[in-house]
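The values are calculated or read from the model by the stated rules, or taken from the named source; none is laboratory data. From a predicted model like this one, the values you see are computed outputs, not experimental measurements. All Cβ positions, even for glycine, are placed from backbone atoms using ideal geometry, and neighbour counts span all protein chains on display.
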Amino acid sequence: MATSTRTSSSLAAPRSRSVGRGTTRGNYELYSWVFMRASGVVLVVLVFAHLFVNLMVGDGVKAIDFAFVGGKWASPFWQIWDLLMLWLAMIHGTNGVRTIINDYAERDGTRLVLKLALYTAFVVVTVLGTLVIFTFDPCPADAPANLLASFCTA
Amino acid sequence: MTATLEAPAGDEQTEVGAIPSFEVTLKIRRYSPESEHGDEAYWDEYTVLAHGTDRVLDALHKIKWEHDGSLTFRRSCAHGICGSDAVRINGRNRLACKTLLKDVNPDKPITVEPIKGLPVIKDLVVDMEPFFASYREIMPFLITTGNEPSKERLQSAEQRERFDDTTKCILCAACTSSCPVFWTDGQYFGPAAIVNAHRFIFDSRDEGATQRLEILNDKEGVWRCRTTFNCTEACPRGIEVTKAIQEVKRAMITRAF
């Protein structure tokens, strides 16, 4: 029934790292903590309004097609709405996962790899998403007219 | 010797109002690198006769004194003041001297382990130095400026009440070693250090609050608290530890904005 304790060799002694690694003080964690609360509240409004507008209003979920999305993104209001939602959700989520990695990764190497993967995913999704929102063409040239928003033919 | 002490022990069982006695099994996590078990921890079971008024510490004493002298644990006052004998009993951090056997279900074997997250030296004895290191870091002493007054530093009852809860800490490490964030890498300051910082930050006589908040506004400071309330549950003194940590957080936020 003997299981090994984690006391010997495998883990550094608690709080041993604080010696000689420079200060880890600063407002970074404070701001990140406040950001999580603030962005959480804003996201509740953004996400539920988004779901309501897309799924409940008018024809509801059946109305969603290329023309619906094209029509929405032709308006700067929905562009900014979706951009805000994308950025806040990505930063909020990434920061949350960063916290979880800090809490659960025991070795420095594991932590580094996990965080690199996390930040790569963050950059890819955020950059692609932002690009799509701003460069989206609601009326592509050779598309069949019945798939496009009503204002394209005008 | 008085007559009562010489009375035969067997008669006590039948006396009216006598304390009931029962057999209790303790399953103790042992670790002694110099023994044949080497660097591996292992479990030992002991069955002893205990009384209804006995605490876990009494059972540990009985084992050490009558069964196995190699069993090692810390205790000083044995009355819940010194904070030496914090151990993990049935998976919860408690003081062995404040836990009655009858309260931890003596029908089944009672597990006793060293507190988690600190290096085990032998059996139930852990190295408390990392714990005290983070305690020292928050400067647990009165910091003032100017001339010393020629009389006491006065304080109203309300001002004293503000930090009354956190003055009760006995530094037993039950809270810090119950904290899952501390278990992971041991870099977190831990609830006990924050509680003792709270005791001075909210003391009207102290002028070191800014320095202490600065120290705890660390990557490994109060912001690593996930409010799991393990510390509040573990505290043998009933300190509302998580609440104290949140109050320190709030003080930092109002200072920053």
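Across the range B:203-235, the qualifying residues are those that are buried (at least 20 other Cβ atoms within 10 Å of the Cβ) and away from every other protein chain (no Cβ under 14 Å), and the one among them that is nearest to A:Met36 (Cα to Cα) is B:Cys231. Checked against the criterion of being at positive phi and at pLDDT below 95, the candidates B:Asn90, B:Asn105 yield just one match: B:Asn105.
Considering (1) within 27 Å of B:Lys116 (Cβ to Cβ); (2) touching a strand residue (DSSP E or B) at 6+ places or on another chain (Cβ under 9 Å); (3) within 14 Å of chain A (Cβ to nearest Cβ); (4) part of a helix (DSSP H, G or I), the lone condition that B:Val248 does not fulfil carries the number (2).
List the helices (runs of 4 or more DSSP H) inside the range A:47-154, counting only whole elements, that have at least 3 residues being surrounded by 12 or more Cβ atoms within 10 Å (Cβ to Cβ) and charged (D, E, K, R).
Details: elements: A:66-73, A:76-104, A:108-135.
Helices (runs of 4 or more DSSP H) meeting the threshold: A:76-104.
Contact annotation: residue pairs with Cβ atoms under 9 Å, 6 or more positions apart or on different chains, pairing a residue in the range A:36-55 that is closer than 14 Å to A:Ile80 by Cα with a partner that is among the small types (Gly, Ala, Ser), are A:Leu43/A:Ala89; A:Leu46/A:Ala89; A:Val47/A:Ala89. Any residue at all in the range A:6-16 that is modelled with pLDDT under 85, touching a helix residue (DSSP H, G or I) at 6+ places or on another chain (Cβ under 8 Å), assigned to a helix (DSSP H, G or I) and under 25 Å from B:Asp127 (Cβ atoms)? Yes, because at least one residue in the range A:6-16 is modelled with pLDDT under 85, touching a helix residue (DSSP H, G or I) at 6+ places or on another chain (Cβ under 8 Å), assigned to a helix (DSSP H, G or I) and under 25 Å from B:Asp127 (Cβ atoms). Taking the stated definitions as given, is B:Arg88 assigned to a helix (DSSP H, G or I) and within 14 Å of another protein chain (Cβ to nearest Cβ)? It is false that B:Arg88 is assigned to a helix (DSSP H, G or I) and within 14 Å of another protein chain (Cβ to nearest Cβ). The criterion of being over 21 Å from the mean Cα position of the chain (by Cα) and either in a helix (DSSP H, G or I) or within 14 Å of chain A (Cβ to nearest Cβ) (or both) does not hold for B:Gln155. Taking the range B:34-62 as the range and being over 20 Å from B:Arg94 (Cα atoms) and assigned to a loop (DSSP other than H, G, I, E, B) as the test, the residues that pass are B:Glu34, B:Ser35, B:Glu36, B:His37, B:Gly38, B:Asp39, B:Glu40, B:Ala41.
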